[in-house]
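Novice: I have a structure here, written as structure tokens, and I will follow up with some questions on it.
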Amino acid sequence: MAGLIRKPKQTIKGERAVLKGKQDYSFPPEDIFPMLCPVREYEYLPGWECDIVYLYSGLAEQGGVFTTHSHGEGDQKDVWVISRYDTNRAIEFVRVNRMRTMIYRIELQGTENGGTVVSWEQIITGLTEEGNRYVRTLRQSDFTAMLSHFQELLEHYLAAGKAVNL
């Protein structure tokens, strides 16, 4: 088929937002990392709900799949795939719904004083015009506030052994 030139079509140009954060936790990576699991999040995140599709071990693992509902995005079903799982060092999720994709990277680095620096990154790309509009609404300040709240809940749980009573 010499001379046949095929090109991919691009029916929409996805818009992208990249949100980042870095936090200092007072607990070591081996305490924090296991809590970055869709099953363990029930222990400390009020309102967290997911439906486990596949977790061979019953906890977070490479290739694990679960779903959630994105209430802030029109009550859509999100499919999450754990695309990277490096015990006590990093976990990465790919999260998709009908209007956007999200890569969610979390990296942990132990500190000399027994704590952890946690680096967060979300890369959100619109898949539809509605998704692009959603991407345009995302703000670093909102992401930072969400991370602060998450840290408060997790640190309290690790210190007290029980969730914050909201």
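Read-outs: derived from the displayed coordinates by stated rules, not from any lab. Bear in mind the structure is a predicted one, so any value in this text is a computation, not a measurement. Here the Cβ is made from the backbone with ideal geometry for all residues, glycine too, and neighbour counts use every protein chain on show.
Novice: For the chain, with only Lys/Arg (+1) and Asp/Glu (-1) charged at the beta-carbon, what is the dipole magnitude about the Cα centre, in debye rounded to 20?
Specialist: 1080 debye
Novice: In addition: For Rg and Dmax of the Cα atoms in Å, the choices are (1) 18.0, 69; (2) 14.7, 46; (3) 16.6, 52; which was calculated from the structure?
Specialist: (1)
Novice: Just going by the charge dipole of the chain, with Lys and Arg at +1 and Asp and Glu at -1 on Cβ, which of 101, 151, 63 is farthest out on the positive end?
Specialist: Projecting each Cα onto the dipole axis, the largest value belongs to 101.
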